[in-house]
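Colleague: Would you mind keeping the following structure in view while I ask a few things?
What follows is calculated from the coordinates using simple rules that are stated; it is not laboratory data. Quick caveat: nothing in here was measured; it's all calculated off a predicted structure. Don't worry about glycine lacking a Cβ; one is built from the backbone with ideal geometry, like all the others, and counts go over all protein chains shown.
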Amino acid sequence: MRHSLVSAGLRYADQVARSGSIQKAARELHVAASAINRQILNLEDELGVPLFERLPRGMRLTSSGDAIITLVRRWRQDERQLAAEIRRIQGIHQGHVSLVAMDSHATSILPALVEDLSAQHPLISLSIELATPDDAEVALMTGKADLAAIFNLAPRRELLVLWKSELPLGCVVAPGHPLAQRQTVSFQEATVHPIALQSKALTIRRYLEAQYSWLFKESRRCIETNSLQLVKQLALGGHHVVFTSELDVGPELASGRLVFIPIRDRGAEPQGISVAVDAARPPRPIVKLVSERLIAALQDCLSAARGPGVRGPDTQP
């Protein structure tokens, strides 16, 4: 706090009581002795009682002065505690957080998160980097990021997961696509149509190759790209099928521009989204606050994607 809530006269009187004289108090406070004496005289006049006995060698508290100074010291202690609490509150509601997220989040949860923080916590600033899941993990563990939203995060003791949710694996098509009216679909049925594949930098592609290698051995009508935006545009075009989760295309599902169809193949494991921090560094209060708003944005996006007309089982964090 820049200015004390305790008046100058009371603070000067406290210092005189500690120092034993106005001259010593003046040196310790770097204030003119005459100013200190004037404040004490004004205070005594307001209270109607003398606070000090003026002795040849200094100042000594009277009984009334002793009671007043005891109260003043209690107030000053309360003031220090108040200042500490204000600093704690400021630490929660102002500062900077470094966030790493996935490419698909750029058009789904991140705009909502930024708008939320701008409206509710305008003193919090964010730096946001889009990365692959592998790079996001590295950013957390090397201290380059405070917080991350990561697809398919494998359990590891170096990372503390604050929240996670399962995401059913499915294929995404435009409403006019031949598969759009299916309740479920198999990989065999889906691969009859042109496929838009994510690159090997993404864990979902590595998962598909490990579990369903036959998808990639035969000559098929496939487009491969590291751009999720291009993958979505190909699906929106009406011809291509995309293997992904609801969160990758949340806004498009919510608006009805794309349709999500669960994969029914045995062993088609759900994907996952996790919000995590470095387990070796307890998150600061401001990081906890941003993580809560990030989780809320993820939940809202999934809820909107799974609204009326969107098929697929709901998952809970």
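Colleague: When the Cα centres of region 181-214 and region 10-88 are compared, how far apart do they sit, in Å?
Modeller: Here the answer is 78 Å between Cα centres.
Colleague: What Kirkwood hydrodynamic radius do you get for region 11-147 when you take the inverse of the mean 1/r over all pairs of distinct Cα atoms, in Å? Don't skip to the answer; put the middle values down first.
Modeller: Details: mean 1/r = 0.0505 Å⁻¹.
This gives a value of 19.8 Å.
Colleague: Which residue, D146, D135, D248, tops the fluctuation ranking in a GNM of the chain built on C-alpha contacts under 10 Å?
Modeller: Largest GNM mean-square fluctuation: D135.
Colleague: Using the 10 angstrom Cβ neighbour count as an exposure proxy, how do Y212, Y12 rank, fewest first? Working shown, then result.
Modeller: Details: Y212 17, Y12 22.
Ordered from fewest to most neighbouring Cβ atoms within 10 Å, Y212, Y12 come out as Y212, Y12.
Colleague: Have a look at H177, H30, H193 and tell me which one the Gaussian network model of the chain (Cα, springs below 10 Å) gives the largest fluctuation.
Modeller: Sorting by GNM fluctuation, first place goes to H30.
Colleague: Also, quick follow-up: Take the alpha carbon gyration tensor of region 169-269, find the square roots of its eigenvalues, order them as a ≥ b ≥ c, and report rounded if a/c is under 1.5; if not, report prolate when a/b exceeds b/c, else oblate. If you can, show how the numbers build up before the last one.
Modeller: Details: a/c = 1.42, a/b = 1.25, b/c = 1.14.
It comes out rounded by the Cα gyration axes.
Colleague: Neighbouring Cβ atoms within 10 Å as the yardstick, rank E53, E129 fewest first.
Modeller: Numbers: E53 11, E129 14.
Ordered by Cβ neighbours within 10 Å, fewest first: E53, E129.
Colleague: Out of region 182-254, which GluC sites (Glu not before Pro) are coil in DSSP terms and have no more than 14 other C-beta atoms within 10 Å?
Modeller: Numbers: sites: E189, E209, E218, E224, E246, E252; in loops: E218, E246.
Here the sparse-neighbourhood loop sites are E218.
Colleague: In the chain, with Lys and Arg counted as +1 and Asp and Glu as -1 at Cβ, which of these residues, T225, V277, S19, has the Cα nearest the positive end of the dipole, that is, farthest along it?
Modeller: It is S19, whose Cα lies furthest towards the positive end.
Colleague: Shape of region 8-91 from its Cα gyration tensor (a ≥ b ≥ c, root eigenvalues): rounded if a/c is under 1.5, otherwise prolate when a/b > b/c, or oblate?
Modeller: Working: a/c = 2.40, a/b = 1.76, b/c = 1.36.
In terms of gyration-tensor shape, prolate.
Colleague: Next question. Under the rule a/c < 1.5 gives rounded, and otherwise a/b versus b/c splits prolate from oblate, where does the chain land using the Cα gyration tensor? Write down the numbers at each step before the final one.
Modeller: On the way: a/c = 4.80, a/b = 3.93, b/c = 1.22.
In terms of gyration-tensor shape, prolate.
Colleague: Only Lys, Arg, Asp and Glu count, each charged at its Cβ (+1, +1, -1, -1), so figure out the dipole size of the chain about its Cα centre, rounded to 20 debye. Numbers along the way, then the final one.
Modeller: Working: 36 positive and 33 negative charges, 176 e Å.
Magnitude of the dipole: close to 840 debye.
Colleague: For the chain, modelled as a Gaussian network with Cα springs under 10 Å, which listed residue fluctuates most, I86, I223, I263?
Modeller: Comparing I86, I223, I263 in the GNM, the peak value goes to I86.
Colleague: Let me ask something else about it. Antiparallel as a % of all DSSP beta bridges within the chain, to the nearest 5? Present the calculation step by step, with values, prior to reporting the outcome.
Modeller: On the way: 23 of 39 bridges.
Approximately 60 percent, going by the DSSP bridge assignments.
Colleague: When a footprinting reagent is the concern and you count Cβ atoms within 10 Å, what order do C222, C301, C171 take, fewest first?
Modeller: C222, C301, C171
Colleague: Sticking with this one: Under the rule of -39500 (n - 2.57) per DSSP H run of 4 or more residues, summed and divided by the residues of the chain, what mean residue ellipticity at 222 nm is obtained, to the nearest 500 deg cm²/dmol?
Modeller: On the way: 11 runs with 136 residues, N = 317.
Roughly -13500 deg cm²/dmol at 222 nm, from the helical runs in the chain.
Colleague: Among L99, V138, T70, pick out the residue whose Cα is farthest towards the positive end of the charge dipole of region 39-168, where Lys and Arg carry +1 and Asp and Glu carry -1 on C-beta, about the Cα centre.
Modeller: T70
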